[in-house]
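Chemist: Starting off with a structure, shown below.
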Amino acid sequence: MKKIFFYKTDIGRIGITEEGSFITNLCFQTENIPPDAIICETKLLKEAGEQLQSYLFGRRKHFTLPLALSGTDFLLRVWKSICTIPYGETRSYQKIAQSIGNKNASRAIGLASNHNPIPILIPCHRVIGANGKLIGYRLGLRIKAYLLELEKQHGD
């Protein structure tokens, strides 16, 4: 059974979804919530909300939540590679493509990043264009810039 709970943050209202003791989705106020989810705050969702708020206040650099992802092998490899980008750093779509062994997959990396069901926790905001410009982000470039600036200010 899917459970979702919403948290008010500096970047908007964020819904976090749990299924089977794992975090499976993160959605913003403008996105559709899973239709089969029950609105209910569980212990795990409360912890996820607290970790997210702590991150957004610049006090947390790593999430320690159980995540469950579903997708193709390609998507899973991309999301796993994105998770290796350290707090406060960025990588280009091309570098992510190289890291998964497909140097010509930059556009596909962008699409995979856009399909990330758990943005922020899987930090696809840290993936940028080869020229250093901010391009493509499911939650919008304003939020991407905000998150990168937050990490820049609170990095080591």
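Chemist: State which residue is surrounded by the fewest Cβ atoms within 10 Å (Cβ to Cβ) when the search covers only segment 6-34 and only residues that are charged (D, E, K, R) and under 13 Å from residue 44 (Cα atoms).
Modeler: Filtering segment 6-34 for residues that are charged (D, E, K, R) and under 13 Å from residue 44 (Cα atoms), the one surrounded by the fewest Cβ atoms within 10 Å (Cβ to Cβ) comes out as 19.
Chemist: Considering only segment 98-107, state which residues are surrounded by 15 or more Cβ atoms within 10 Å (Cβ to Cβ) and either more than 12 Å from residue 130 (Cα to Cα) or at pLDDT 95 or above (or both).
Modeler: Result: 98, 99, 100, 102, 105.
Chemist: Follow-up question, since we're still on this one. Take the residues in segment 112-133 that are in a loop (DSSP other than H, G, I, E, B), more than 13 Å from the chain's Cα centre (by Cα) and not polar (S, T, N, Q); name whichever of them is surrounded by the most Cβ atoms within 10 Å (Cβ to Cβ).
Modeler: Among those that are in a loop (DSSP other than H, G, I, E, B), more than 13 Å from the chain's Cα centre (by Cα) and not polar (S, T, N, Q), it is 129.
Chemist: Residues 88, 101, 136: which one is touching a residue at least 60 places away in the same chain (Cβ under 8 Å), outside the structural domain of residue 28 (by TED's automatic domain parsing), assigned to a loop (DSSP other than H, G, I, E, B) and small (Gly, Ala, Ser)?
Modeler: Residue meeting the stated conditions: 88.
Chemist: Let me ask something additional. Here are the criteria: (1) crowded, with 19+ Cβ neighbours inside 10 Å; (2) under 18 Å from residue 145 (Cα atoms); (3) of a type outside the set (Ser, Thr, Tyr); (4) not assigned by TED's automatic domain parsing to the domain that holds residue 136. Tell me which single one residue 82 does not satisfy.
Modeler: Answer for residue 82: the failing condition is (4).
The values are calculated or read from the model by the stated rules, or taken from the named source; none is laboratory data. Remember, it's a predicted structure, so these values are computed and weren't measured experimentally. Every residue, glycine as well, gets a Cβ built from its backbone with ideal geometry; the counts of neighbours run over all protein chains shown.
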